[in-house]
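Q: Here it is: the structure, laid out below.
The values are calculated or read from the model by the stated rules, or taken from the named source; none is laboratory data. Please read all numbers here as calculations on a predicted model, not as lab measurements. Glycine also receives a Cβ, built like all others from the backbone with ideal geometry; neighbour counts cover every protein chain displayed. Remember, those area values only see protein heavy atoms, side chains included, never the ligands or the DNA or RNA. Shrake-Rupley method; radii C 1.70, N 1.55, O 1.52, S 1.80 Å.
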Amino acid sequence: VFTLHHKSKAYLNHQQEYKMKIQGKVFVVTGGASGLGAATARYLIEKKAKVIMVDMNHELGTELQQQLGAAALFITLDVTDEDAVKTFFENIEQQYGQLNGLVNCAGIGPSAKVLGRDGIHELALFQKVFNINVMGTFNMIRFAANLMAKYQLQSDEEERGVIVNTASVAAFDGQIGQTAYAGSKGAVVAMTLPLARELAREAIRVMTIAPGIMETPMLKSLPQNVQDALGEMVPFPPRLAKPEEFAHMVGHIFENSYLNGEVIRLDGAIRMQPK
C-alpha cells in the first residue's frame with residue numbers, strides 16, 4: 001500500500017511539472033476586439049502572456065491594444081481570407097518565433113426563419129454564417145497548427161500548443177430561426193474530436209467551449225428588462241454569463257493538460273426552448 005501511494009504521489013508531482021505555463025507564451029485570439037475575445041485577451045495579458053488579437057473592428061481593436069500595453073498586438077484580419085491568414089501566421093513566426101495557443105472567438109449569429117414573413121431563407125446569408133463561423137475557424141486552425149508543430153519542446157514541457165474553439169449551446173438546443181447559426185456551431189463541435197485525434201501526434205490539444213447566454217456587447221445593448229428576462233431563463237446562477245467567465249474557462253483549459261477533444265457547455269444548466 002505504501003509503495004502504491006508513493007508511486008501515485010510521484011506521478012502527481014510529475015504531472016504538475018507539465019502544467020502549461022501561460023506566462024511568456026504566445027497566443028492568438030480571433031474576435032479579439034470585443035466580447036469574449038477581448039475578455040480572453042485581457043485575461044491572458046494579466047497572466048503575462050503575449051497576445052495577438054485579430055478582428056475586423058479596427059477602432060475597437062487598436063483601442064484595446066493601447067489599454068493592454070506592450071504585450072498586446074492588434075491586427076485587422078479577415079479570418080476567411082486564405083492569403084491574408086497565411087501571411088499573418090508567417091509574420092507571427094518571424095516576429096515571435098513560436099505560437100502556443102489559438103482561441104477562436106470570431107463569429108456571427110443572425111437569425112432568420114427558413115419560411116419567414118418576407119420569404120424563404122436567403123442562401124447567401126446561410127453561406128455567410130458558415131463561411132465565418134466554420135471556414136474562418138478552420139482557416140485559422142490549419143495555419144496555427146502548422147506553426148505550433150514547429151515549437152521545440154523544453155525539458156519541462158509535454159505539449160506544443162492548445163487550440164480552443166467557440167461553439168454555442170445552439171449547437172445542441174438550436175431555436176427557431178437559428179438553423180444557420182446552430183448548424184455552423186454544430187460543425188465546430190463535430191470538428192473537435194477529429195482535430196484532437198490528429199493533432200495529438202504533434203502534442204497539440206483541441207477543445208471547444210459552448211457558451212450559453214453571454215453578456216456580450218450585443219446583449220448589453222438590449223433594454224435592461226430584456227436582459228433580466230434572459231438571465232432568469234438560466235437555472236443557476238439566474239443571470240447572463242460574464243465574458244470573464246469564458247476567459248477563465250479558456251485559462252483553465254490551457255493549464256489543465258488532460259482536457260482534450262471535448263466540448264464544455266458554459267451555460268448555467270440552461271436548455272434553450274424552441275423559441
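Q: Among the listed residues G177, G268, identify the single one that is under 28 Å from K47 (Cα atoms) and part of a loop (DSSP other than H, G, I, E, B).
A: Only one candidate passes the filter, namely G268.
Q: So V51 fits all but one of (1) in a helix (DSSP H, G or I); (2) at pLDDT 95 or above; (3) not aromatic (F, W, Y); what number is the exception?
A: Tallying (1) in a helix (DSSP H, G or I); (2) at pLDDT 95 or above; (3) not aromatic (F, W, Y), V51 fails exactly one: (1).
Q: Output the qualifying pairs, or none if there are none: Cβ atoms under 6 angstrom, residues six or more apart or on different chains, first residue in the stretch 149-165 and touching a residue at least 24 places away in the same chain (Cβ under 8 Å), second residue aromatic (F, W, Y) and open to solvent by 30 Å² or more (accessible area, probe 1.4 Å).
A: Between residues of the stretch 149-165 that are touching a residue at least 24 places away in the same chain (Cβ under 8 Å) and residues that are aromatic (F, W, Y) and open to solvent by 30 Å² or more (accessible area, probe 1.4 Å), the close pairs are E158/Y18.
Q: Checking the conditions here, which among G177, G161, G186, G136 is among the small types (G, A, S) and either closer than 17 Å to I264 by Cβ or open to solvent by 40 Å² or more (accessible area, probe 1.4 Å) (or both)?
A: Sole residue among the options that is among the small types (G, A, S) and either closer than 17 Å to I264 by Cβ or open to solvent by 40 Å² or more (accessible area, probe 1.4 Å) (or both): G186.
Q: I need every pair where a residue in the stretch 248-274 that is at negative phi has its Cβ under 8 Å from the Cβ of a residue that is among the acidic types (D, E) and open to solvent by 40 Å² or more (accessible area, probe 1.4 Å), sequence separation at least 6 or different chains.
A: S257/E158; L266/E245
Q: How about the stretch 103-160: which of its residues are charged (D, E, K, R), in a helix (DSSP H, G or I) and over 24 Å from S257 (Cα atoms)?
A: Step one: filter the stretch 103-160 for residues charged (D, E, K, R), giving 113, 117-118, 122, 128, 142, 150, 156-160.
Right, trim to in a helix (DSSP H, G or I) and you get 128, 142.
Selection gives K128 alone.
The rows are residues; the columns are (1) part of a strand (DSSP E or B); (2) at pLDDT below 95; (3) open to solvent by 60 Å² or more (accessible area, probe 1.4 Å).
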residue: M20; (1), (2), (3): no, yes, no
residue: G24; (1), (2), (3): no, no, no
residue: F27; (1), (2), (3): yes, no, no
residue: A41; (1), (2), (3): no, no, no
residue: L60; (1), (2), (3): no, no, yes
residue: L64; (1), (2), (3): no, no, no
residue: L73; (1), (2), (3): yes, no, no
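Q: Taking the residues in the stretch 238-267 that are closer than 14 Å to A210 by Cβ and among the acidic types (D, E) as candidates, determine which candidate is surrounded by the most Cβ atoms within 10 Å (Cβ to Cβ).
A: D267
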